[in-house]
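Engineer: Below are the C-alpha cells for one structure; questions will follow.
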There are 2 protein chains.
Amino acid sequence: MTRNNAHTGAPLQPALRAKRLGLYAQHQPVVIMRTDCHVCRAEGLSSRSQVLVSAGGRQVQAALFQVQGDALLAINEAALSETAWQALGVAEGDMIHVSHAPAIESLASVRHRIYGHRLDARAFADIVGDVAAGRYTDVHLAAFLTASAALPLDEDETVDLTAAMIDIGDRLRWDAPCVVDKHCVGGLPGNRTTPIIVAIVAANGLVMPKTSSRAITSPAGTADTMETLAPVDLDMATLKRVVEQEGGCVAWGGAVHLSPADDKFVRIERELDIDTEGQLIASVLSKKIAAGSTHVVIDIPVGPTAKVRNAETAERLAERMRSVAARFNLTARCLLTDGAQPVGRGVGPALEAFDVLAVLRNASDAPDDLRRRSVVLAGAALEIGGKAKTGQGAALALETLANGQAWSKFEAICEAQGGMRTPPVAAHVQPLIAPRAGHIVHIDNRKLARLAKLAGAPDAKAAGVLMNVRIGDEVGRGEPLIHLHAETGGELNYALDYAERNPDIVSLTP
Amino acid sequence: MTRNNAHTGAPLQPALRAKRLGLYAQHQPVVIMRTDCHVCRAEGLSSRSQVLVSAGGRQVQAALFQVQGDALLAINEAALSETAWQALGVAEGDMIHVSHAPAIESLASVRHRIYGHRLDARAFADIVGDVAAGRYTDVHLAAFLTASAALPLDEDETVDLTAAMIDIGDRLRWDAPCVVDKHCVGGLPGNRTTPIIVAIVAANGLVMPKTSSRAITSPAGTADTMETLAPVDLDMATLKRVVEQEGGCVAWGGAVHLSPADDKFVRIERELDIDTEGQLIASVLSKKIAAGSTHVVIDIPVGPTAKVRNAETAERLAERMRSVAARFNLTARCLLTDGAQPVGRGVGPALEAFDVLAVLRNASDAPDDLRRRSVVLAGAALEIGGKAKTGQGAALALETLANGQAWSKFEAICEAQGGMRTPPVAAHVQPLIAPRAGHIVHIDNRKLARLAKLAGAPDAKAAGVLMNVRIGDEVGRGEPLIHLHAETGGELNYALDYAERNPDIVSLTP
C-alpha cells in the first residue's frame, strides 16, 4: 500500500533524557516513562510489557513501567533501573530511544518443546543466545525450564544445551595438558572445601583455576568466604597470572563471563524450586568446560534436606554427568557424600574461613569432617589428574596437608591474588542453649542457613552461626548448641527471634 | 533452643510510611524500599523477590525493589505501585508493614504436575485460590500453564479447574429458567456481533446478561465499542435492573468479579503465545457459568491468521467444550465460522459501533458479513433457548432485524444502561491506496490490528481502520484499500509509517 499524500517520511526517532533513580528492580532492566509521554502514545507502547531501549549504539530490552504526574519525571525524561543503566552505559541526561521490542524467533522452539517435540543443536543455540542477550522475560524462561522438566532433556539435548551455553560466553585456555576443577551440587551449609582442595591440588603441581560464585540465597558462597582471606575480584589478566605463577586460584567468577545464560536459568529454577537433571548437568559442565578444565571432581551431597535426597537419584545423575562430560572430552569423577548436616563449624563468610584456616594449618581443633571431605575430594582430583594411583589420592592429599605444603601453597595463592587478609570477628556473639539434656538427632540445613542470614550473612562478613554440636552428640541442659555471630545488635535480635520461633533448627531426643 | 539472656521478646514490627508514586508497574504490586532501610536489613529482605505488605488489616504480596540514596524516599518511607496502593487502600503517609511472603503450599502441586502427575479437585482449588489472591509470581503462573500444555489437561482435570475458577469468584443468579450467553474464541478484527445478538435474542424474550471485556492487546473489545453507544461501567445492581427490565445488557465485565483467576492466566498465555485447550475451555466456561448462564453459543473462527487454524482442531475443541459444559448443566453449541479476514468494515471502537448500528438499523450499506454472522449466531441462541425449531433460528433472527424489533430492543437497552450515545468521528482520515490494479488475495489480521492500534485505538475511541476491500475484490490502481482514522496528526503519521514499512497488510495479485 502507498499513501496518496506527499509525506517527507524520515522515520520518527523520539528521544528522551535518561534519568538515574538508583533503582534495583531485582535483576530486571526497567524503563519508567510518563503516561502522558509522547513516545508512549506515538509508539503505541502503553500496553506493551517489553520495550527496546537504545543509546549510543547499545541496546537493552527492558520492562516498561509508567508513572502518572510530574513528581518523578519531567515530560522529556525516562528513568532507568540500575541494570538498564549499566547495560546502556549512559550518563545522566543522555538521549535514549525507546521502541517496540523485536519479536523473539526462538520462542517458536520453546513452544515446540512445550508441545512435546525434542530440539536440535540449532534450536538450543538460538534459545541460549536470546536468553544470554536478555531477550527472554521471566515468563519465557519459566516456560522453557518447565518444558525441560515435564519432558526431561535426553542425553543429546543435554549435550546440545551444554554446547550452546559454552559457545555463548567467554572461554579460558590454559597451556597445560591437565586442568582440574571441582564442583559441589547443591548447598550444604559450611561445605567450604574448595580453598583447601585448590591448595592441595596446586601444591602437587596440577593446574586448578577455580572460579566460584558469591551467595545468592545461601549465607555464604565460596567467593564470599575467600574474600575474607584475599581479594577475589580478579580480572582475566590477574587470574591468568596467579594461575601461571601458583598453579591455582580461588577467584570470583563474576568478573569473567563463562556460560552467561546459566545465571538466568538458575534464578528461575530457584524461584520454582525445581531441579532438572538436564539443566543441572548443562549448568555445571558448561562452566567447567568454558573455564578450560579437562578433569572435574563432582561432590554430590545426599541427605534429607540436601538438594539430592537419595542415592538412586544421585547415582543416575552421576552416570549422566560422566557421559555428557565425555562428549566434551572432559573427565568427570562424581563422589556421593554425606549431606545430612552442615560441614565444619562455621556458617557465614568469616566463620567458614576460620574453619578453612584451621584445616590448612593442622590446628588441633580443626573440624574433622571438613578435613575428611577435603581430603577425599582432593584425593580424587589427584588421581584423575595423574598425580596419584587409584586409591592413593586421599593419602597423598592428607600428607600434603600434614607436611604444611598445602598451607604454604594457600598463602602463596593469597599473596598472588593481592595479599592475605585476616577474617573479621563479630561484635555480638550469643549462644543458644539446650533446653534439656539429650542427644542431637536432626539439624535442619535450610533453617540453619536462614538463621545465619538473619544474623547478617553474607553481607555482614563476620556474621553467621557457629555450630557447637553435631548429630549424635550428647548435650547437657544449658549447654550451648549454637553461637550466633552478628555485627549489629538489631541483626542479633532478629536471629534470636527466629530461633525462638523455630525450636526445630537443632532437634534433641525427647 | 532457648536463649540464655532475658529478652523481652515482642516480635519487632517495623513500620514505614506509605508513599504514592503513581507508578504503573504493569499488573504488578511493587514496594520500593531504600537499600539502607532498617526493615530490609532487619528482616533480611534484600535478596527476596516477594514480600508481604500489610496495612490496616489488608495485605498484598508485592515484588520488592530497592532504591539507593534519598532522592526518591526518606529513610522511613516505602513507595507502592498503584496496584499495591489500591489493594491496600492506604492513604499517603499511612503506616505499612513489610515482611517475608509466606510459603505457597500449592506450588508443591504445580511441581507435581510438572513432573507428570495429574491433579485432583482439591489441588486445583488450592492453586486457583492462590492465583486469585495474587500469591503466584509470573514465573509460577508460567510454570503451571506450561505444565498444563506439556501434558494436556484431561477432561476431569478441565472440569476440576473450571469448578475451581468458578468457586473463587462472584456468581450471578437469575430468576429465569433459560439464560443465554455467547462467546467468540480468539480475535478476528471487527467481529463485533455481540451487541446485535443481544438485541435479537432479548427482543425474542430470552434473558441474555452479557458481560464483555475491554481490549487488552486488540484494537477494540466489545466493551470499548459498546461504550461509544452507551455506558457499560454498570455496578451489579444496575446490571440486574437492566436485565430484569430489558432481558439483556452489554456491560463491561470488569465491574463484576467472575472467575478472577482467569485474567492472570490469560495475561501469561498471551505472553507465551500458547493456547491450551484445557485452559481455554476452563476460561470460557467458568465465566459463563459464574454469570449464571444455562445455554451458550460459541463462535470458533477458523483461519490461517486466526486463533484456531484448522477445522480438525476446531472440531476437537468444540467436542470437549460441549462435554465439559454438560458436566455443569450448561448447554453449549459451537459454530465453526470463517476466520480468514476481518468482519464488517470498521476496526476500532467507534468504527465498529457504526457497523453495528448499520446492521441494527437495516442500512442499505450495512456490512453483509457482520449481518450474516450475527444472524447465524443469534439463530443458534434462539434455537438452544427454545424460541425457534432447529434450523429455523437464523430466519427468526433475520426477521427480528428486518422488522426493527432488534433495533428497538437495542435502543431500549442503551437507554436502560444510562442513555444512548453517538460514537465520535475522527479528526484525521487518510486513505491508503492500491499501488497497482489487481485482486485482493490476503489480509493479515494481526498486522491490521497493529495498524489500528498505532492510529490510536482503543484509547482514542474514534481511531482505527476502515476497510474498503475484502478478499476477492478487484481494485484499480490508486483506489483506496483502507482509510486510516486518527484523533491526532502524530498518531496518523505513526500508522502511515507502519503501513509504508508493511506493504503486505493487504496483498494484491502480482
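Engineer: Does A:Leu330 satisfy the condition of being surrounded by fewer than 21 Cβ atoms within 10 Å (Cβ to Cβ) and over 30 Å from B:Ile104 (Cα atoms)?
Structural biologist: Judged against the criteria, A:Leu330 is a match.
Engineer: Can you pull out the residues in segment B:455-475 that are in a loop (DSSP other than H, G, I, E, B) and open to solvent by less than 20 Å² (accessible area, probe 1.4 Å)?
Structural biologist: Pass one, segment B:455-475, residues in a loop (DSSP other than H, G, I, E, B): B:455-463, B:468-473.
Within segment B:455-475, B:Ala455, B:Gly456, B:Ala457, B:Ala460, B:Ala462, B:Ala463, B:Val469 meet the criteria.
Engineer: Another question, then. Yes or no: segment B:357-369 includes at least one residue that is among the acidic types (Asp, Glu), within 28 Å of B:Gly472 (Cα to Cα) and open to solvent by less than 60 Å² (accessible area, probe 1.4 Å). Spell out how you get there, then give the answer.
Structural biologist: First, pick out the residues of segment B:357-369 that are among the acidic types (Asp, Glu): B:365, B:368-369.
Adding the requirement that they be within 28 Å of B:Gly472 (Cα to Cα) leaves B:365, B:368-369.
Going one step further and asking which of them are open to solvent by less than 60 Å² (accessible area, probe 1.4 Å), we end up with B:369.
Yes: segment B:357-369 contains one or more residues that are among the acidic types (Asp, Glu), within 28 Å of B:Gly472 (Cα to Cα) and open to solvent by less than 60 Å² (accessible area, probe 1.4 Å).
Engineer: Considering only residues that are more than 21 Å from B:Cys37 (Cβ to Cβ) and in contact with a Leu (Cβ under 6 Å, 6 or more places away or on another chain), which ones fall in segment B:83-115?
Structural biologist: Scanning segment B:83-115 gives B:Ser109, B:Arg113.
Engineer: Okay, moving on. Looking only at residues in segment B:106-124 that are within 12 Å of chain A (Cβ to nearest Cβ) and not in a loop (DSSP other than H, G, I, E, B), which one is most open to solvent (accessible area, probe 1.4 Å)? Write out each step before concluding.
Structural biologist: The first filter runs over segment B:106-124 and keeps only residues within 12 Å of chain A (Cβ to nearest Cβ), leaving B:107-108, B:110-117.
Retained after the next criterion (residues that are not in a loop (DSSP other than H, G, I, E, B)): B:107-108, B:110-114.
Working: B:Leu107: 19, B:Ala108: 55, B:Val110: 4, B:Arg111: 60, B:His112: 86, B:Arg113: 2, B:Ile114: 3 Å².
Checked segment B:106-124; the qualifying residue most open to solvent (accessible area, probe 1.4 Å) is B:His112.
Engineer: What number of residues within segment B:183-208 satisfy the criterion of being open to solvent by less than 20 Å² (accessible area, probe 1.4 Å) and either among the aliphatic types (A, V, I, L, M) or modelled with pLDDT of 95 or more (or both)?
Structural biologist: Quick first cut of segment B:183-208, residues open to solvent by less than 20 Å² (accessible area, probe 1.4 Å) only: B:185-186, B:188-191, B:193-202, B:206, B:208.
Of the ones still in play, those that are also either among the aliphatic types (A, V, I, L, M) or modelled with pLDDT of 95 or more (or both) are B:185, B:188, B:193-202, B:206, B:208.
Result for segment B:183-208: 14.
Engineer: Now for a different question. With respect to A:Gly472, is the statement that it is within 30 Å of A:Asn204 (Cα to Cα), in contact (Cβ under 8 Å) with a residue 12 or more places away in the chain and away from chain B (no Cβ under 14 Å) true? Write out each step before concluding.
Structural biologist: Details: within 30 Å of A:Asn204 (Cα to Cα): no; in contact (Cβ under 8 Å) with a residue 12 or more places away in the chain: yes; away from chain B (no Cβ under 14 Å): yes.
When the stated conditions are applied, A:Gly472 does not pass them.
Engineer: Separate question: Filter segment B:435-454 down to the residues that are out of contact with any strand residue (DSSP E or B) (no Cβ under 6 Å at 6 or more places or on another chain), in a loop (DSSP other than H, G, I, E, B) and not small (Gly, Ala, Ser), then identify the one that is surrounded by the fewest Cβ atoms within 10 Å (Cβ to Cβ).
Structural biologist: Filtering first and then ranking leaves B:Arg436.
Engineer: Give me a count of the residues in segment B:384-398 that are under 29 Å from the mean Cα position of the chain (by Cα), of a type in the set (Val, Ile, Thr) and not in a helix (DSSP H, G or I).
Structural biologist: 0
Engineer: Same structure again: Quick one: which residue in A:Pro219, A:Pro231 is outside the structural domain of A:Leu151 (by TED's automatic domain parsing) and surrounded by fewer than 22 Cβ atoms within 10 Å (Cβ to Cβ)?
Structural biologist: On the way: A:Pro219 fails: surrounded by fewer than 22 Cβ atoms within 10 Å (Cβ to Cβ).
Exactly one residue qualifies, and that residue is A:Pro231.
Engineer: Oh, and also: Take the residues of segment B:48-74 that are of a type in the set (Val, Ile, Thr) and within 14 Å of chain A (Cβ to nearest Cβ): which is farthest from A:Lys453 (Cα to Cα)?
Structural biologist: Keep residues of segment B:48-74 that are of a type in the set (Val, Ile, Thr), which gives B:51, B:53, B:60, B:67.
Still in the list and also within 14 Å of chain A (Cβ to nearest Cβ): B:51, B:67.
Numbers: B:Val51: 16, B:Val67: 21 Å.
Top of the filtered list is B:Val67.
Engineer: Here's something else I'd like to know. Could you count how many residues in segment B:308-319 are surrounded by fewer than 19 Cβ atoms within 10 Å (Cβ to Cβ) and touching a residue at least 24 places away in the same chain (Cβ under 8 Å)?
Structural biologist: Final tally of qualifying residues: 2.
Engineer: Given the conditions (1) at pLDDT below 95; (2) in a helix (DSSP H, G or I), and given that B:Leu401 satisfies all but one, which numbered condition is not satisfied?
Structural biologist: (1)
Engineer: Moving on to the next point. Can you find even one residue in segment A:368-383 that is within 28 Å of A:Ala449 (Cβ to Cβ), in contact with a helix residue (DSSP H, G or I) (Cβ under 8 Å, 6 or more places away or on another chain) and not in a helix (DSSP H, G or I)?
Structural biologist: No, that holds for no residue.
Engineer: Same structure, new question: From the residues in segment A:393-403 that are in contact (Cβ under 8 Å) with a residue 12 or more places away in the chain and open to solvent by 20 Å² or more (accessible area, probe 1.4 Å), which one is farthest from A:Leu206 (Cα to Cα)?
Structural biologist: Taking segment A:393-403 and keeping what is in contact (Cβ under 8 Å) with a residue 12 or more places away in the chain, we get A:393-398, A:400-402.
Subsequent filtering for residues that are open to solvent by 20 Å² or more (accessible area, probe 1.4 Å) retains A:394-396, A:398, A:402.
Working: A:Ala394: 15, A:Ala395: 17, A:Leu396: 13, A:Leu398: 16, A:Ala402: 19 Å.
The selected residue is A:Ala402.
Engineer: Could you check how many residues of segment B:372-383 are more than 13 Å from B:Thr337 (Cα to Cα) and free of Cβ contacts under 8 Å to residues at least 40 places away in the same chain?
Structural biologist: Looking only at that region, the number is 1.
Engineer: Condition check: touching a strand residue (DSSP E or B) at 6+ places or on another chain (Cβ under 8 Å), under 30 Å from A:Gly247 (Cβ atoms) and in contact (Cβ under 8 Å) with a residue 60 or more places away in the chain. Does A:Ala416 satisfy that? Step through it out loud before you land on a result.
Structural biologist: On the way: touching a strand residue (DSSP E or B) at 6+ places or on another chain (Cβ under 8 Å): yes; under 30 Å from A:Gly247 (Cβ atoms): yes; in contact (Cβ under 8 Å) with a residue 60 or more places away in the chain: yes.
Criteria met by A:Ala416.
Engineer: Consider A:Leu496 against the criteria (1) open to solvent by less than 20 Å² (accessible area, probe 1.4 Å); (2) over 30 Å from the mean Cα position of the chain (by Cα): it satisfies all of them except one. Which criterion is unmet?
Structural biologist: (2)
Engineer: Could you tell me whether A:Val429 is assigned to a strand (DSSP E or B), under 28 Å from B:His38 (Cα atoms) and open to solvent by 50 Å² or more (accessible area, probe 1.4 Å)? Give the derivation first.
Structural biologist: Values: assigned to a strand (DSSP E or B): yes; under 28 Å from B:His38 (Cα atoms): yes; open to solvent by 50 Å² or more (accessible area, probe 1.4 Å): yes.
Yes, satisfied.
Engineer: If you go through segment A:53-105 one residue at a time, how many are assigned to a loop (DSSP other than H, G, I, E, B) and open to solvent by 10 Å² or more (accessible area, probe 1.4 Å)? Don't jump to the end; show me each part of the working.
Structural biologist: Of all residues in segment A:53-105, those assigned to a loop (DSSP other than H, G, I, E, B) come to A:56-57, A:68-76, A:81, A:89-94, A:101-105.
Adding the requirement that they be open to solvent by 10 Å² or more (accessible area, probe 1.4 Å) leaves A:56-57, A:68-72, A:74-76, A:89-94, A:101-105.
Qualifying residue count, segment A:53-105: 21.
Engineer: Ok, one more. Do the conditions hold for A:Gly478, that is, is it modelled with pLDDT under 90, outside the structural domain of A:Gln341 (by TED's automatic domain parsing) and either surrounded by 20 or more Cβ atoms within 10 Å (Cβ to Cβ) or more than 20 Å from A:Phe354 (Cβ to Cβ) (or both)? Lay out the reasoning, then the answer.
Structural biologist: Working: modelled with pLDDT under 90: no; outside the structural domain of A:Gln341 (by TED's automatic domain parsing): yes; either surrounded by 20 or more Cβ atoms within 10 Å (Cβ to Cβ) or more than 20 Å from A:Phe354 (Cβ to Cβ) (or both): yes.
Criteria not met by A:Gly478.
Engineer: Scan segment A:420-459 residue by residue and report those that are farther than 27 Å from A:Ile216 by Cβ and either among the β-branched types (Val, Ile, Thr) or more than 9 Å from chain B (Cβ to nearest Cβ) (or both).
Structural biologist: A:Ile433, A:Arg436, A:Ala437, A:Gly438, A:His439, A:Ile440, A:Val441, listed by residue number.
Engineer: Would you point out which residue out of A:Gly346, A:Gly303, A:Gly339 is of a type outside the set (Lys, Arg), in contact (Cβ under 8 Å) with a residue 40 or more places away in the chain and touching a Phe, Trp or Tyr at 6+ places or on another chain (Cβ under 9 Å)? Steps first, answer last, please.
Structural biologist: On the way: A:Gly303 fails: touching a Phe, Trp or Tyr at 6+ places or on another chain (Cβ under 9 Å); A:Gly339 fails: touching a Phe, Trp or Tyr at 6+ places or on another chain (Cβ under 9 Å).
Just one listed residue meets the conditions, A:Gly346.
Engineer: Further, regarding this structure: Has segment A:395-406 got any residue that is touching a Pro at 6+ places or on another chain (Cβ under 9 Å) and away from every other protein chain (no Cβ under 11 Å)?
Structural biologist: The initial filter retains those residues of segment A:395-406 that are touching a Pro at 6+ places or on another chain (Cβ under 9 Å), namely none.
Taking every residue of segment A:395-406 in turn, none turns out to be touching a Pro at 6+ places or on another chain (Cβ under 9 Å) and away from every other protein chain (no Cβ under 11 Å).
Engineer: Being among the acidic types (Asp, Glu) and touching a residue at least 24 places away in the same chain (Cβ under 8 Å) is the filter; apply it to segment A:272-296 and report the residue that is least open to solvent (accessible area, probe 1.4 Å).
Structural biologist: As a first pass, look at segment A:272-296 and keep what is among the acidic types (Asp, Glu): A:273, A:275, A:277.
Then drop every residue that is not touching a residue at least 24 places away in the same chain (Cβ under 8 Å), which leaves A:275, A:277.
Details: A:Asp275: 76, A:Glu277: 53 Å².
If we take residues in segment A:272-296 being among the acidic types (Asp, Glu) and touching a residue at least 24 places away in the same chain (Cβ under 8 Å), then A:Glu277 is least open to solvent (accessible area, probe 1.4 Å).
Engineer: Another question, if that's okay. Every residue in segment B:485-507 that is among the hydrophobic types (A, V, I, L, M, F, W, C), more than 9 Å from chain A (Cβ to nearest Cβ) and outside any helix (DSSP H, G or I), please.
Structural biologist: B:Ala486, the sole residue that qualifies.
The values are calculated or read from the model by the stated rules, or taken from the named source; none is laboratory data. Not measured: the values here are computed from a predicted model. Using ideal geometry, Cβ is built from the backbone for each residue, glycine included, and neighbour counts are taken over all protein chains shown. The protein model used for the area step is the full one, side chains on, heavy atoms only, and it has no ligands, DNA or RNA in it. Shrake-Rupley method; radii C 1.70, N 1.55, O 1.52, S 1.80 Å.
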